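What follows is a single structure, written as structure tokens, with notes after it.
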Number of protein chains: 2
Amino acid sequence: MVDRHVSVVDDAGEALKKALIGPPGPAQRRALAKTITLLESKRADHRARADELLNALLPHTGKSARIGISGVPGVGKSTFIEALGLLLLERGHRVAVLAIDPSSTVSGGSILGDKTRMERLSSDERAFIRPSPSSGTLGGVTEKTREAMLVCEAAGFDVVIVETVGVGQSETAVAAMTDMFVLLQLPNAGDDLQAIKKGVMELADLVVINKADLDEAAATRARAQITSALRLLGAHAHAGTQVLQLSAVKGTGLVEFWQTVTQFLDRQRERGTMAERRRSQDRAWMWERVESGLHERFKNHPAVRDALPTITEEVRAGRLAAGVAARRLLDLMK
Amino acid sequence: MVDRHVSVVDDAGEALKKALIGPPGPAQRRALAKTITLLESKRADHRARADELLNALLPHTGKSARIGISGVPGVGKSTFIEALGLLLLERGHRVAVLAIDPSSTVSGGSILGDKTRMERLSSDERAFIRPSPSSGTLGGVTEKTREAMLVCEAAGFDVVIVETVGVGQSETAVAAMTDMFVLLQLPNAGDDLQAIKKGVMELADLVVINKADLDEAAATRARAQITSALRLLGAHAHAGTQVLQLSAVKGTGLVEFWQTVTQFLDRQRERGTMAERRRSQDRAWMWERVESGLHERFKNHPAVRDALPTITEEVRAGRLAAGVAARRLLDLMK
């Protein structure tokens, strides 16, 4: 076991770090893949090495635009991200696409698992596409993606796109790790109310109506509805939330989209709100991981594990008050 | 210190229990006040006695209709609850009114602190009114209210109303401890969108538009809007959610309100969904208390307390990755 508190990276880690922060190319790509494999390993010694490496990379991170993109299946996320990615490569950016798939934590399946989904982007050496980690809790999957983002930044990717599907709690997780959260919507009514209901609309820094070419009248209606909904949701917090229409398939509106993104990020940078947002994301992230670790430790404590089924059943049967049960379980851990 | 795992209540506890489950009257009222004081005590030996007493009372609980009532300040909650309470006393019910005030956890102030708010109801011997516990976290305040509810049930109150204000997370807490969650609304548009935004509308088993006499047209409009919003929010889950109009000040609509409540509860009882709801509430409550206890223990652990400021600062300054920081803190607790 490597001592976790040694503050220098070992030789192998030092070599990885050098390759990562070095020039783009095959050596860097290999180091990138290797590092992410290390991050996703379940072995304690790998985890300790990954932690050391992450800390050593930290001064080289933070220089990318972190963009979160979400939308229900069928909204056209892959097409949109591929078209956007290719545009950005053309402009000299280096683009990483990471994914958080909440269903992968159950099924082991994964969005972006099939790289042919973004064939042109994934075959370009200047882009890096990483599917969702395929196992673990949502918190664990999010952590690995968050760390992969830092590694990509250290490797000089200046745009990191984190994709998720518009179901479950993964949208909150993605919004909590990016500088700007973009919600893709279809041009039909009702969709926006679903987003409001799930609290996703509130997370959005920008709402994009994709496939606007299919039914222009519907797209315009949807835009007006979403704009007024955003206004009603809280004029203050959403004063800056814009609603754009585009068509990823036809490639129309992408330039305007990126312009809106860069304007938003520039404004956040100037005001210092980007740094503040990242600091508060880090703080929240640390606490989320602490709570999750405490929960794991509790459930794995031998005395708790032994007593839990009985105590749970006592509560279920109405023989033990829930609060009393909690105190008894906590006492067992002392 | 009393051993928490002794399963019989001590003599004083036995006397309290007898008085509580005995006939209504001054002795029961004294026992009720004494027990709730015991529940709210910060002393460990009191807490242990309270736990024993709660468990001994448990077989005598569960027989009330647990009604949660929420609404923004100004919606007329006190007037409504007083009018409803008086109607129920007239019909032979025994009514307890408890409150959860999220602001009390900050300010030490408390809704229902001023009993003159429900002068007629609070002066009636057949009613029991208890203000919000005035200190502690929201979780702590909710726990005390939840336990007070059990004590009231053991004392034979067959209607327990838990009131909260329409701000903060307290509505989720109240919905999570009652059989039916009622949302009071004012007859104006926008109000309903706010409720949707905060996710409160989804919690509602019944939406009541109060002060419907002030502007009948507006109330009718609000009712139509809320009904369609509920439908859009998810036809399935909210198939049964009704929207009523009434005027608590004039006393119109109260009889229909209570009829709706009893029909809802009867249906839930017949289908077994009430028992299931209570079981899942108990389970969730146990886990909420466990997580909260783990968090407290973590923050009070000497090594963690010593290291937390430095580690938090390292994360803030970008010298330590958030996930790595969490693992270090957890290691300190081992």
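The values are calculated or read from the model by the stated rules, or taken from the named source; none is laboratory data. Quick caveat, the model's predicted, so the values are computed rather than measured. FYI the Cβ positions are ideal-geometry reconstructions off the backbone, even for glycines, and counts take in every protein chain you see. These area figures cover heavy atoms from the full protein model, side chains too; ligands, DNA and RNA do not enter into them. Shrake-Rupley method; radii C 1.70, N 1.55, O 1.52, S 1.80 Å.
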Q.
Taking amide H atoms as placed 1.01 Å from N in the peptide plane, list the residues 5 or more away in sequence, or in a different chain, whose amide H sits under 5 Å from that of B:Q242.
A. B:V207
Q: Could you tell me the total accessible area buried at the B-A interface, probe 1.4 Å, in square angstrom to the nearest hundred?
A: 5000 Å²
Q: Would you please give the residues with an amide H less than 5 Å from that of B:I129, counting only those at least 5 places away or on a separate chain, with H modeled from the backbone geometry?
A: B:V97
Q | Cα-based shape type of the range A:267-322, given that a ≥ b ≥ c are square roots of the gyration tensor eigenvalues and the cut on a/c is 1.5 | A | prolate
Q: May I ask you to report, in nm to one decimal and beginning with the shortest, the distances from A:A317 to the same position in the other copies, taking label points 7 Å along Cα-to-Cβ?
A: 5.7
Q. If you count, for every residue in B:42-54, the Cβ atoms of partner chains within 10 Å of its Cβ, what is the mean?
A. 2
Q: Check each residue of the range A:299-334 and keep those whose accessible area, probe 1.4 Å, is at least 40 Å² smaller with all protein chains in place than in the chain alone; give them in order of residue number.
A: A:V315, A:R316, A:A321, A:A322, A:V324, A:A326, A:R327, A:R328, A:L330, A:D331
Q: Please give the calculated 222 nm ellipticity per residue for chain B, where each DSSP H segment of at least 4 residues contributes -39500 (n - 2.57) and the sum is spread over every residue; nearest 500 deg cm²/dmol?
A: -17500 deg cm²/dmol
Q: Using only the Cα atoms of chain B, build the gyration tensor, take square roots of its eigenvalues as a ≥ b ≥ c, and label the shape rounded, prolate or oblate: rounded if a/c is under 1.5, else prolate if a/b is larger than b/c, else oblate.
A: oblate
Q) Per residue of B:290-298, what is the mean number of Cβ atoms on other protein chains within 10 angstrom of that residue's Cβ? A) 6
Q) With the other protein chains left in place, how much accessible area per residue, in square angstrom, belongs to the protein assembly as shown at a 1.4 angstrom probe? A) 43 Å²
Q: Measure up A:K17/A:K42; B:K42/B:K334; B:K144/B:K299 against 24 Å on the Cα-Cα distance and list the ones that go over.
A: B:K42/B:K334
Q. In the protein assembly as shown, carbon and sulfur make up what percent of the accessible area (probe 1.4 Å)?
A. 54 percent
(Q) Could you derive backbone 3J(HN,Hα) for the range B:70-85 from the dihedral phi with the Karplus parameters 6.51, -1.76 and 1.60 (θ = phi - 60°), listing whole Hz in sequence and x where the residue is Gly or Pro? (A) 9, x, 5, x, x, 6, x, 4, 4, 4, 5, 5, 5, 4, 5, x
Q) For the protein assembly as shown, what class follows from the C-alpha gyration tensor (a ≥ b ≥ c being the square roots of its eigenvalues): rounded when a/c is under 1.5, otherwise prolate if a/b is larger than b/c, else oblate? A) oblate
Q) By DSSP, what percent of the beta bridges with both residues in the protein assembly as shown are antiparallel, rounded to the nearest 5? A) 5 percent
Q) Given H placed on each backbone N at 1.01 Å, which residues far from B:I69 in sequence or on other chains put an amide H within less than 5 Å of it? A) B:V162, B:E163, B:T164, B:V182
Q.
If packing is taken as the average number of other Cβ atoms within 10 Å across a peptide's residues, how do A:21-28, A:54-61, B:173-180, A:241-248 rank, most packed first?
A. B:173-180, A:241-248, A:54-61, A:21-28
Q) Chain A: which residue's Cβ hugs the A-to-B rotation axis most tightly, distance rounded to whole Å? A) A:L294, 2
Q: Would you kindly derive the ³J(HN,Hα) couplings of the range A:13-23 from the backbone phi angles with the Karplus curve 6.51 cos²θ - 1.76 cosθ + 1.60 (θ = phi - 60°), listing them in order in whole Hz, with x for Gly and Pro?
A: x, 4, 5, 4, 4, 4, 5, 5, 7, x, x
